Amino acid sequence: MNHLLSIDDLDRAALDELHTLAESFLEVTGREIPKVPALRGKVVVSLFYEDSTRTRLSFETAAKRLSADVMTFAVGSSSVKKGESLRDTIQTIAAMGIDAVVVRHPSAGAAHQLARWVDASVVNAGDGRHEHPTQALLDTLTIRRHRGPAIDGLRVAIVGDVRNSRVARSDVKALALLGAEVTLVAPDTLLPPSLAGWPCTATHDLESVLGDVDVLMLLRIQRERAAEASFPSLREFTARWGLTVDRAARLGPGTLVMHPGPMNRGVEIAPEVADGPRSLIAEQVHNGVAIRMAVLWKLLSGGSGGGMVA
Ligand code: NCD
């Protein structure tokens, strides 16, 4: 395994292996000193061209818990402001001697492009509307920790701004790989223009799935990608597709509620539901560090291979 650019880089065995590894790193993160020397001497760069709280800090925490050295690049205080290209930027950083680069970029395909330009391992931390593979790995790990490893036939609904969501695209692929049945729930304007290549079904009707799903995943309305032009008003979106307190009360007794964050509280999810007993939102963030430790370890430790396609 050289890179993790897409869930397509993984087969079922590789996904299972990353989950198993992450489980052992969860044990490490629970120790008094949550650190192991596994990646001592390795250098990991976080290269974020879009704003991020949890993903960047999660990767950096993961790298530090494996004893790697971390370089943080912040676009706002870099030579990108002087017009430097992505290629020149990454080749400059690579010349300092790096082992992995974790990249987030507003353009779909940026991580793939980077992987052609540097020898280091590239991890896609979100490229435009395309993919966000580690989010899907942590989401599926979180589901498995509640539902057991076999999630064959588990019914998952992904609700909201699917069209602009790299999380949804990666989640659908990862869930399908594990045998879950996924339904997208959104107005037409927030569904992908075509579902060709999406191993799932779609509906406009949130009410019809409420009593019938094991997991309900909400997505943020991506205002920075002009999602608000896709429906009359936020109030109308919430009225039809928001997980309100009333709708949450009609979920099945064991239904889990997830959201990748950041949330628009009161838009796609009511604050009482986000903070309520079914919500796994904080746990998703917690599991994210262990997943990223697993990915970095797998890429950089010269681990025994096995199952990785990329
Ligand atoms: C997501 C992202 O950036 O794609 N956030 C995250 O990484 N947890 C989802 C979003 O921004 O809505």
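The values are calculated or read from the model by the stated rules, or taken from the named source; none is laboratory data. On a predicted model such as this, the values are computed, not experimentally measured, just so you know. Reconstructed Cβ throughout: ideal geometry from the backbone, glycine too, with neighbour counts over all protein chains shown.
Remarks
- Filter result for the condition that a residue is among the small types (Gly, Ala, Ser), more than 12 Å from the ligand (Cβ to nearest atom) and within 19 Å of VAL215 (Cα to Cα), over GLY197, GLY179: GLY179
- Selection within segment 261-276 - within 20 Å of LEU138 (Cα to Cα) and assigned to a helix (DSSP H, G or I): ALA274
- Against the list (1) surrounded by fewer than 18 Cβ atoms within 10 Å (Cβ to Cβ); (2) free of Cβ contacts under 8 Å to residues at least 60 places away in the same chain, the condition ASN264 fails is (1).
- Matching residues, segment 46-56, being over 14 Å from ILE291 (Cβ atoms) and surrounded by fewer than 23 Cβ atoms within 10 Å (Cβ to Cβ): PHE48, TYR49, GLU50, ASP51, SER52, THR53, ARG56
- Qualifying residue in segment 72-85 (condition: surrounded by fewer than 22 Cβ atoms within 10 Å (Cβ to Cβ), in contact with a Lys or Arg (Cβ under 9 Å, 6 or more places away or on another chain) and either touching a residue at least 60 places away in the same chain (Cβ under 8 Å) or aliphatic (A, V, I, L, M) (or both)): yes
- Exactly one residue out of LEU21, LEU15, LEU4 is in contact with a strand residue (DSSP E or B) (Cβ under 9 Å, 6 or more places away or on another chain) and under 30 Å from LEU177 (Cβ atoms): that is LEU4.
- Filtered residues of segment 88-140 (kept if of a type in the set (Ser, Thr, Tyr) and within 16 Å of the ligand (Cβ to nearest atom)): SER107, THR134, THR140
- For MET217: the one exception among (1) touching a Ser or Thr at 6+ places or on another chain (Cβ under 9 Å); (2) under 18 Å from LEU141 (Cβ atoms); (3) buried (at least 19 other Cβ atoms within 10 Å of the Cβ); (4) assigned by TED's automatic domain parsing to the domain that holds ILE151: (1)
- Residue within segment 138-148 that is farther than 30 Å from SER233 by Cα, free of Cβ contacts under 8 Å to residues at least 12 places away in the same chain, in the same structural domain as ALA249 (by TED's automatic domain parsing) and not charged (D, E, K, R) present: yes
- In segment 223-256, the residues that are within 13 Å of VAL159 (Cα to Cα) and in a loop (DSSP other than H, G, I, E, B): GLY242, THR244
- Complete set of residues in segment 25-53 that are closer than 27 Å to PRO262 by Cα and without any contact (Cβ under 8 Å) to a residue 12 or more places away in the chain: GLU27, GLY30, ASP51
- Test: residue in segment 277-289 that is in a loop (DSSP other than H, G, I, E, B), under 28 Å from VAL102 (Cβ atoms) and modelled with pLDDT of 95 or more: yes
- Scope segment 41-59; condition within 14 Å of the ligand (Cβ to nearest atom) and either of a type outside the set (Lys, Arg) or touching a strand residue (DSSP E or B) at 6+ places or on another chain (Cβ under 6 Å) (or both); matching residues: SER46, PHE48, TYR49, GLU50, ASP51, SER52, THR53, THR55, ARG56, LEU57, SER58, PHE59
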